[in-house]
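Here the structure comes first, spelled out in C-alpha cells, and everything after it is commentary.
The values are calculated or read from the model by the stated rules, or taken from the named source; none is laboratory data. Note that the coordinates shown come from a computational prediction; the quantities given were computed from them, not determined experimentally. No Cβ is skipped: glycine too gets one built from the backbone with ideal geometry, and neighbour counts run over all protein chains shown. The protein model used for the area step is the full one, side chains on, heavy atoms only, and it has no ligands, DNA or RNA in it. Shrake-Rupley method; radii C 1.70, N 1.55, O 1.52, S 1.80 Å.
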Amino acid sequence: MELILTSLLFLALVTTAVAIALVRRLFAVVMLAGVFSLLSAMLFVLMDAVDVAFTEAAVGAGISSVLMLGTIALTARSEKRPTHYSLVPLSIVILTGLVLIYGTLDMPNFGDPMSPVQTHVGPDYIQRTPTDIDVPNIVTAVLASYRGFDTLGEVTVVFTAGLGVVLLISGLGRRIRRSRREDKAPSKGAKN
Amino acid sequence: MDHHLILRVVTQILVAPILLYGLYVQFHGDFGPGGGFQAGVIFAVGFILYGIVFGLRRLRSKFPDHVIHKLVALGVLIYAGTGVVNMALGGNFLDYNVLSPDPVQGQHWGIIAVELGVGVTVFGVMMAIYYAFAGRPPSLDDKDW
Amino acid sequence: MEFNFDLPFILGHLNYWLFVILMLTGLYIVVARGNLLKKIVGLNIFQVAVFMLYISMGKVAGGTAPILTGTAGEAYSNPLPHVLILTAIVVGIATTSLGLALIVRINETYGTIEEDEILEMDQQKGQSELDAINKAAAATDAQGAASKK
C-alpha cells in the first residue's frame with residue numbers, strides 16, 4: 001500500500017518537474033513549484049518525517065511562492081523562446097544520472113533497520129531522550145539540545161541571508177548613503 | 001486589492017487564527033511536530049497575507065522596518081544569550097542542565113528559550129524579505145497578469 | 001562488485017533511483033534553461049530531491065514518526081536526518097530569496113533576466129571597452145611618434 005502511494009506521488013512529482021521545465025509562462029512555473037512543494041510534503045509524511053513535511057509545506061508552498069511572485073512582478077512575465085537547442089546539457093545530465101544510479105547500488109535497502117544509518121547515533125538519541133530531556137518530540141530534543149550548536153549556526157545563516165536581501169534590494173543602502181550626503185551638505189538636505 | 005470584497009472579509013477572519021496557530025506551533029513543538037522554524041514562518045505568513053490583501057503601506061505603518069530589522073538580530077541574540085547564561089551559571093555553552101536545579105527541567109527551559117530565538121529570527125527574516133520584495137516599485141501593471 | 005538484481009533489491013533501491021530522476025530534472029532545468037527565475041526553481045527541485053534522499057535513509061520499515069508514544073518496544077524512524085533537513089529547508093528558502101534579490105538587481109541593471117541576452121550585453125560592453133582602450137593606445141602612439149619628429 002505504502003509502495004503504491006509512494007510511486008503515485010513520485011509520478012506526480014516527476015510530471016510537475018517536467019511541466020516546470022516545459023512551461024514558459026513564469027506565473028505557471030511558480031504555481032507548479034508550489035504544487036511540487038505540497039506533493040513533496042506528502043511524501044515526507046509517508047517517510048515518517050512529520051516535522052520536515054510541516055516545514056516544507058509552510059515554506060515551499062507559502063513563503064517561496066509569495067517571493068517568486070514578487071520577483072515576477074519586478075522582472076518579467078514569461079520566459080523567452082530559446083534561440084538554440086543543444087544536446088550537450090541533456091547528455092551531461094543523463095551521464096550524471098547513470099553515475100549516481102551506479103553509486104546507489106551499494107546502498108542498503110530502503111527501510112532496512114540494520115543499515116549503518118540506524119546503528120550509530122540515531123538509536124542513541126531515541127534511547128536517551130526520555131531520561132535526559134523528557135520531551136516527546138525527539139526531533140525537537142535533537143534540534144535544540146543535542147545539536148544546539150548546529151542549530152545556532154543555521155539560525156546565523158538565515159540571519160545573514162536576510163541581511164543580504166535587505167542590503168541588496170530594500171533600498172536601505174540608498175537611504176543610508178542619502179542621509180550621509182545630507183550630513184555632509186546640510187543645506188542641500190533641506191529639500192527632502 | 002480594494003475591489004476584492006470576499007478576499008478582504010476572509011482575510012480579516014483568517015489572520016487571527018493563523019497567528020494563534022503560529023504561537024501554538026511555537027510552544028507545542030516539544031510535544032508534537034513543530035518548533036521555532038515552522039512557527040516563525042507561519043507567524044510571518046499571517047502578516048504577509050494581511051499585507052497582500054490590505055496593502056503594504058498599512059502593514060508597514062503597524063510594523064515598521066526598523067522593528068523588523070531589530071527582531072532579526074534579537075532572535076540570534078536570544079539563542080546565543082541562552083548559551084552565555086549557561087556559561088555564567090557554570091555550565092558549558094548551550095548546556096541547559098544548569099538552568100534549573102533539576103537538570104531535566106533545565107533542559108525544558110533551555111529548549112523553550114532557544115526555540116523562541118529561532119522563531120523570532122525566522123519571523124523577522126521572512127518579514128524583512130517580504131518587505132524588501134514588495135516595497136520595490138513593480139514593473140508590471142495589475143492588468144498584465 | 002556482485003549484485004543480484006532480484007525483487008527485494010529492486011524494491012529496496014527503486015526509491016533512490018526515483019530520487020535521482022527527480023534530481024536530474026532539476027539539474028536539467030538549471031543547465032539548459034536560460035531564464036534566471038526558472039534556474040532558481042530548478043535548483044529548488046534539485047534541493048528537494050536531495051532532502052528526500054536523506055529522509056529516506058532515516059526511514060525504518062514498520063517504524064513510526066519520532067515522537068515518543070509511551071508504548072514500550074515501539075520502532076521509531078531515525079530523527080537525525082529529520083533535524084538536518086528541517087533546518088536545511090529554512091536555510092534553503094533564505095538563500096533562494098537571496099538569489100531572487102540578485103535577479104531583481106540584474107533585471108534593473110540589464111533590463112532582462114535571460115542568460116543569453118545578459119552574456120551578449122556583457123560581451124558587447126567588453127568589446128566596446130576594448131575598442132576604446134585600443135583607440136586611446138593608438139592615439140598616444142601617434143602622439144609619441146609626433147613628438148619624436
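Brief remarks on what is shown
- Filter result (in contact with a Ser or Thr (Cβ under 9 Å, 6 or more places away or on another chain) and touching a residue at least 40 places away in the same chain (Cβ under 8 Å)) within the stretch B:40-68: B:GLY40, B:VAL41, B:ILE52, B:VAL53, B:PHE54, B:ASP65
- Selection status of C:PHE19, surrounded by fewer than 20 Cβ atoms within 10 Å (Cβ to Cβ) and within 18 Å of A:LEU98 (Cα to Cα): no
- The set of residues from the stretch A:121-140 being buried (at least 24 other Cβ atoms within 10 Å of the Cβ), in a helix (DSSP H, G or I) and more than 8 Å from chain C (Cβ to nearest Cβ) comprises just one member, A:THR140.
- Options B:VAL15, B:VAL104, B:VAL114, B:VAL67; residue that is over 30 Å from B:PRO137 (Cβ atoms), of a type in the set (A, V, I, L, M, F, W, C) and open to solvent by 20 Å² or more (accessible area, probe 1.4 Å): B:VAL104
- Scanning the stretch A:1-46 for residues that are under 15 Å from C:ALA49 (Cβ atoms), open to solvent by less than 80 Å² (accessible area, probe 1.4 Å) and out of contact with any Gly (no Cβ under 8 Å at 6 or more places or on another chain) yields a total of 11.
- Filter pass, C:GLY92 being without any contact (Cβ under 8 Å) to a residue 60 or more places away in the chain, small (Gly, Ala, Ser) and open to solvent by 30 Å² or more (accessible area, probe 1.4 Å): no
- Of all residues in the stretch B:33-55, those being out of contact with any helix residue (DSSP H, G or I) (no Cβ under 8 Å at 6 or more places or on another chain) and within 26 Å of C:HIS82 (Cα to Cα) number 0.
- Residue match in the stretch B:28-44 (condition: under 17 Å from the mean Cα position of the chain (by Cα) and over 30 Å from C:THR64 (Cα atoms)): yes
- Scan of the stretch C:1-16 for residues that are open to solvent by less than 40 Å² (accessible area, probe 1.4 Å), within 16 Å of A:LEU98 (Cβ to Cβ) and without any contact (Cβ under 8 Å) to a residue 24 or more places away in the chain, ordered by number: C:HIS13
- Number of positions in the stretch A:52-74 that are more than 7 Å from every other protein chain (Cβ to nearest Cβ) and free of Cβ contacts under 8 Å to residues at least 24 places away in the same chain: 2
- Across the stretch A:99-111, the number of residues qualifying as within 7 Å of another protein chain (Cβ to nearest Cβ) and either in contact (Cβ under 8 Å) with a residue 60 or more places away in the chain or open to solvent by less than 50 Å² (accessible area, probe 1.4 Å) (or both) comes to 4.
- B:LEU7 passes every criterion in (1) without any contact (Cβ under 8 Å) to a residue 40 or more places away in the chain; (2) farther than 24 Å from B:THR121 by Cα apart from (1).
- Output for the stretch B:18-37, where each listed residue is farther than 28 Å from A:ASP132 by Cα and open to solvent by 70 Å² or more (accessible area, probe 1.4 Å): B:LEU20, B:TYR21
- Within the stretch A:141-154, being assigned to a helix (DSSP H, G or I) and facing chain C (nearest Cβ under 7 Å) holds for A:VAL142, A:LEU143, A:THR151, A:GLU154.
- In a residue-by-residue description of the stretch C:95-111, the property of being more than 10 Å from chain A (Cβ to nearest Cβ), open to solvent by less than 50 Å² (accessible area, probe 1.4 Å) and small (Gly, Ala, Ser) applies to no position.
- Qualifying residue in the stretch A:4-24 (condition: in contact with a strand residue (DSSP E or B) (Cβ under 6 Å, 6 or more places away or on another chain) and either assigned by TED's automatic domain parsing to the domain that holds A:ASN137 or within 30 Å of B:MET127 (Cα to Cα) (or both)): yes
- When B:LEU94, B:LEU74, B:LEU59 are screened for being among the aliphatic types (A, V, I, L, M) and not in a helix (DSSP H, G or I), only B:LEU94 passes.
- Residues being open to solvent by 30 Å² or more (accessible area, probe 1.4 Å), more than 7 Å from chain A (Cβ to nearest Cβ) and part of a helix (DSSP H, G or I) - total across the stretch C:37-87: 8
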